[in-house]
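All remarks here apply to the structure that follows.
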Amino acid sequence: MSWPAAATPWSSSRSRPGASDGFGDPLEAVDAPKRARLWRLAHAWCAQHPDRARGREVRLDVIGITGADPATARLEHLEDVPWV
């Protein structure tokens, strides 16, 4: 993955060993309240680091990994996820 130089991506990664583990899709674990909390965290960081954040795009990416074996696991990357 690569981001533009002017981007400050915040990410949340979730993994699940498999579809039959009973926990569901890893992307479902990043629900609306969790996305809102991550956005608040990103904005708080920007407020605390204005020189580093100025002029940068702030976005939330969510990464889901399904499968116990890294060689065959399925990776999903959602870019620029809204907070609601």
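Please treat every number below as a calculation from the coordinates, not as lab data. Since this is a predicted model, take the numbers as computed values, not measurements.
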The answer for Ser13, listing residues at least 5 apart or on another chain whose modeled amide H is closer than 5 Å to its amide H, is Ile63
Roughly how many whole Å is it from the C-alpha centroid of region 65-84 to that of region 28-61?
-> 19 Å
Amide H within-cut-off set for Arg59, under 5 Å, with H built and near neighbours excluded | Thr8, Trp10
For region 7-78, shape from the Cα gyration tensor axes a ≥ b ≥ c, cut at a/c of 1.5 then a/b versus b/c, turns out prolate
